[in-house]
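Trainee: Just passing along the structure, written as structure tokens.
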Amino acid sequence: MEYAKPLPQVNADTRPFWQGCRQHLLKIQKCKNCGLLRCPPAFICPECLSSEVEWVAAKGKGRVYSFAVYHAAYQPGFQDELPYVVALVDLDEGARMITNIVGCDPGEVYCEMAVEIVWDDVNETFSIPKFRPLQK
Ligand SMILES: [Zn+2]
């Protein structure tokens, strides 16, 4: 079945991120000048404006910083998943990323909830990082 949701638009800045995802590695940018971890990838550091960057692997664990439950599909491909959760997750390493919380009822999601990464292999090119409640 064809994937009906929008796919990432890859560019030179984001390519290492998506290549990592395809291997189920969560790679995030670390500023070589000030050490800031950032996600999504960007050409320059928002803190010190340096363009010197390295990629580091995150373990894929973190906590929900904030979230919203979507009850409307703004793209037709999301219709079958309503309601779904869009969240900001603070990775243990320090970066904050936007993602989905899956694997539980949207009503069970709360701020500070411990979560872990799960990979959604949507086609032969892309794996989308999502998060689920931390499995004990
Ligand atoms: Zn910096």
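Trainee: Take Cys104 and decide whether it is exposed (fewer than 14 other Cβ atoms within 10 Å of the Cβ), at pLDDT 95 or above and in contact with a Ser or Thr (Cβ under 8 Å, 6 or more places away or on another chain).
Mentor: No, not satisfied.
Trainee: Going through the stretch 9-33 one residue at a time, which ones are of a type in the set (Val, Ile, Thr) and farther than 19 Å from Arg96 by Cα?
Mentor: Within the stretch 9-33, Val10 is the sole residue that qualifies.
Trainee: Further, regarding this structure: Restricting to the stretch 60-88, name every residue that is touching a residue at least 12 places away in the same chain (Cβ under 8 Å) and in contact with a Leu (Cβ under 8 Å, 6 or more places away or on another chain).
Mentor: Matches in the stretch 60-88: Gly60, Lys61, Gly62, Val64, Tyr65, Ser66, Phe67, Tyr70, His71.
Trainee: Answer yes or no as to whether Gly94 is under 25 Å from Leu25 (Cα atoms), surrounded by fewer than 18 Cβ atoms within 10 Å (Cβ to Cβ) and at pLDDT below 95.
Mentor: So Gly94 passes the test.
The values are calculated or read from the model by the stated rules, or taken from the named source; none is laboratory data. None of these values were measured; they are calculated from a predicted model. In this analysis, Cβ positions are derived from the backbone assuming ideal geometry, glycine residues included, and neighbour counts consider all displayed protein chains.
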